[in-house]
Ligand code: PEP
Ligand code: MN
């Protein structure tokens, strides 16, 4: 795929690209009020959901096509581009007829290849920018699959929205950011525009700045932030929406660091990175030696008929390593993950040793 950067005439190419507007279009007045304030701040892209994917029925499901004329008025009055979510063929037709400039595919839809393919087929031959939210589940290939489906339909002005991933456990986030996923996406497709959605990642107002800052520090391209004239009384996502004034404050607090570094910074960074490379090298050597010991243990256990997994020993390891890790300023989650992975790899090495010494089954059956 040769994806082009997500550019729109009249929209500054400077980072960050900002998209703002309410979670849902609730009334003509609500939409126009917030659009006017945003437009005065210089924001050029207006978001608003018309068809709302709600978790449970009987919640506010959006005004659908009836709200399209409100967005047309936003365009006429402010000259902003208007964006909305489409989840099926009907939405696509109606959005196109209603003058929508940018479509986005929601997280629940991206997770469904049938739905994405249907949307892609409907957009064949249409030159419209499309943004693809990550699927609700942390599956990078599924996200890339959706991008490919749109790309193969001829859509070239493609971008993605990182809105975090569902987790069954309660965490500090509504949707866990799992930054390594969009980072890997950017590594594979450096030209792809990545817009972070702090609103749906946080699910609250308090952490919006911190998540927005993190997105900028990772050099992502833009932010989509839910903005409402009266957030507390919003019909959807009330807890996470902010007023245009609060958005203005948030944007003014963002620190944009340069990607290009000057000569002194480069030398300093290079030196520090060299140290990291050396430590990683030592880590690898240590791991190699540790696995060597596991193999010796495997041989010993085989000769003496002892099972590979001995729960008490594993309990001791994890408890003592977590304690040691905490003393060294490492989080429990990190130490647990690392040692679970090391333990699994040790078991694999021990198993390999034991299997190597087994006589092949085919030989014994032929005797
Ligand atoms: C939204 O942007 O309002 C929305 C429903 O988002 P998501 O698909 O990320 O849940
Ligand atoms: Mn929302």
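Would you confirm whether or not region 28-39 contains a residue that is within 16 Å of ligand 2 (Cβ to nearest atom), at pLDDT 95 or above and not in a helix (DSSP H, G or I)? Taking every residue of region 28-39 in turn, none turns out to be within 16 Å of ligand 2 (Cβ to nearest atom), at pLDDT 95 or above and not in a helix (DSSP H, G or I).
Taking the conditions exactly as written (in contact with a helix residue (DSSP H, G or I) (Cβ under 8 Å, 6 or more places away or on another chain), farther than 16 Å from residue 287 by Cα and modelled with pLDDT of 90 or more), does residue 330 satisfy them or not? So residue 330 does not fit the description; no.
Which residue out of 147, 161 is in a helix (DSSP H, G or I) and either surrounded by 24 or more Cβ atoms within 10 Å (Cβ to Cβ) or in contact (Cβ under 8 Å) with a residue 60 or more places away in the chain (or both)?
Criteria check complete, one pass: 147.
Figure legend. Inter-residue proximity from region 46-62: first residues in the same structural domain as residue 199 (by TED's automatic domain parsing) and over 20 Å from residue 34 (Cα atoms), second residues away from ligand 2 (no atom under 12 Å from the Cβ) and in a loop (DSSP other than H, G, I, E, B), beta-carbon distance below 7 Å, spacing 6+ or different chains. Indicated pairs: 53/87; 54/61. The lone criterion from (1) surrounded by 19 or more Cβ atoms within 10 Å (Cβ to Cβ); (2) in contact with a strand residue (DSSP E or B) (Cβ under 8 Å, 6 or more places away or on another chain) left unmet by residue 243 is number (1).
Starting from residues that are within 15 Å of ligand 1 (Cβ to nearest atom) and outside any loop (DSSP other than H, G, I, E, B), keep the ones in region 229-247 and report whichever is nearest to the chain's Cα centre (by Cα). Among them, the one singled out is 242. Residue 164 fulfils the conditions (1) within 13 Å of ligand 2 (Cβ to nearest atom); (2) farther than 29 Å from residue 117 by Cβ; (3) within 12 Å of the chain's Cα centre (by Cα) except for a single criterion, (2).
The residues of region 323-351 that are surrounded by 11 or more Cβ atoms within 10 Å (Cβ to Cβ) and farther than 24 Å from residue 295 by Cα, listed by number, are 323, 324, 325, 326, 330, 331, 332, 334.
Per-residue answers, yes or no, for (1) within 15 Å of ligand 2 (Cβ to nearest atom); (2) under 21 Å from residue 32 (Cα atoms); (3) outside the structural domain of residue 29 (by TED's automatic domain parsing); (4) touching a strand residue (DSSP E or B) at 6+ places or on another chain (Cβ under 6 Å):
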position	(1), (2), (3), (4)
194	no, no, no, yes
201	yes, no, no, no
206	no, no, no, no
219	no, no, no, no
222	no, no, no, yes
236	yes, yes, no, yes
239	yes, no, no, no
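Here is the figure for region 40-65: residues that are within 16 Å of ligand 2 (Cβ to nearest atom), modelled with pLDDT under 95 and over 27 Å from the mean Cα position of the chain (by Cα) total 0.
I'd like to check something: does region 261-269 contain any residue that is assigned to a loop (DSSP other than H, G, I, E, B) and closer than 30 Å to residue 190 by Cβ?
Checked region 261-269: at least one residue is assigned to a loop (DSSP other than H, G, I, E, B) and closer than 30 Å to residue 190 by Cβ.
With the structure loaded, tell me whether residue 154 is touching a residue at least 12 places away in the same chain (Cβ under 8 Å), within 16 Å of ligand 2 (Cβ to nearest atom) and out of contact with any helix residue (DSSP H, G or I) (no Cβ under 8 Å at 6 or more places or on another chain) or whether it fails that test. Considered against the rule, which asks whether it is touching a residue at least 12 places away in the same chain (Cβ under 8 Å), within 16 Å of ligand 2 (Cβ to nearest atom) and out of contact with any helix residue (DSSP H, G or I) (no Cβ under 8 Å at 6 or more places or on another chain), residue 154 comes out as no. Taking every residue in region 118-130 that is touching a residue at least 60 places away in the same chain (Cβ under 8 Å) and pairing it with any residue that is surrounded by fewer than 17 Cβ atoms within 10 Å (Cβ to Cβ) and in a strand (DSSP E or B), at least 6 positions away or on another chain, yields no pair with a Cβ-Cβ distance below 9 Å.
Scanning region 248-260 for residues that are assigned to a loop (DSSP other than H, G, I, E, B) and more than 14 Å from residue 20 (Cβ to Cβ) turns up 255, 256, 257, 258, 259, 260. Here the condition is being surrounded by 10 or more Cβ atoms within 10 Å (Cβ to Cβ) and within 20 Å of residue 355 (Cα to Cα); of 316, 299, it holds for 299 alone. Checking 96, 68, 32 one by one, the residue that is over 23 Å from the mean Cα position of the chain (by Cα) and over 22 Å from residue 241 (Cβ atoms) is 96 and no other. Within region 82-99, the set of residues being outside any helix (DSSP H, G or I) and either more than 16 Å from ligand 1 (Cβ to nearest atom) or touching a helix residue (DSSP H, G or I) at 6+ places or on another chain (Cβ under 7 Å) (or both) comprises 82, 84, 86, 87, 88, 98, 99.
The values are calculated or read from the model by the stated rules, or taken from the named source; none is laboratory data. All figures in this text were calculated on a predicted structure; none of them were measured in a lab. Reconstructed Cβ throughout: ideal geometry from the backbone, glycine too, with neighbour counts over all protein chains shown.
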